[in-house]
1. Considering only the range 15-36, state which residues are open to solvent by 70 Å² or more (accessible area, probe 1.4 Å) and hydrophobic (A, V, I, L, M, F, W, C).
2. Against the conditions (1) part of a loop (DSSP other than H, G, I, E, B); (2) modelled with pLDDT of 95 or more, where does Asp73 fall short? Just the number, please.
3. Pairs please, first residue from the range 50-61 and more than 14 Å from Leu28 (Cα to Cα), second anywhere and surrounded by 14 or more Cβ atoms within 10 Å (Cβ to Cβ), Cβ atoms under 7 Å, 6+ apart in sequence or on different chains.
4. Hey, can you tell me all the residues within the range 41-68 that are aliphatic (A, V, I, L, M), open to solvent by 50 Å² or more (accessible area, probe 1.4 Å) and modelled with pLDDT of 95 or more?
Amino acid sequence: MTTAPTPPTVPGSGDPKPFLPVRTAIVLQTAAFVGAIAGALTYLSTGDTAGAILAGLVGLGASVPALNGLIGD
């Protein structure tokens, strides 16, 4: 007597959710890019590393709410 092969599993509602939704990942990645550009330009204009890091972090922080409003659901 042989047993019937089991069918492959179909992705469904039992699958775990992703760590971050795609929209959140896009907003954070774009904000990081904006912060990196702001930091790089600040460093190139002043040569001050601490000021460039601070400018990059401010650019990142300020762009998250703006990008959140711009990128729709």
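1. If the condition is that a residue be open to solvent by 70 Å² or more (accessible area, probe 1.4 Å) and hydrophobic (A, V, I, L, M, F, W, C), then Phe19, Leu20, Val22, Ile26, Leu28, Phe33 are the ones that fit.
2. For Asp73, the exception is condition (2).
3. Gly51/Thr42; Ala52/Gly39; Ala52/Thr42; Ala52/Tyr43; Ile53/Gly39; Ala55/Ala38; Ala55/Gly39; Ala55/Thr42
4. Here is the first cut: in the range 41-68, the residues aliphatic (A, V, I, L, M) are 41, 44, 50, 52-55, 57-58, 60, 62, 64, 66-67.
After this cut, where a residue has to be open to solvent by 50 Å² or more (accessible area, probe 1.4 Å) as well, the list is 41, 44, 50, 53-54, 57-58, 60, 62, 66.
Leu41, Leu44, Ala50, Ile53, Leu54, Leu57, Val58, Leu60, Ala62, listed by residue number.
The values are calculated or read from the model by the stated rules, or taken from the named source; none is laboratory data. The shown structure was predicted, so the numbers you read here are calculated from the model rather than taken from an experiment. Please note: Cβ atoms are built from the backbone with ideal geometry, for glycine as well, and neighbour counts cover all protein chains shown. Only protein heavy atoms, including side chains, enter the accessible area calculation; ligands, DNA and RNA are left aside. Shrake-Rupley method; radii C 1.70, N 1.55, O 1.52, S 1.80 Å.
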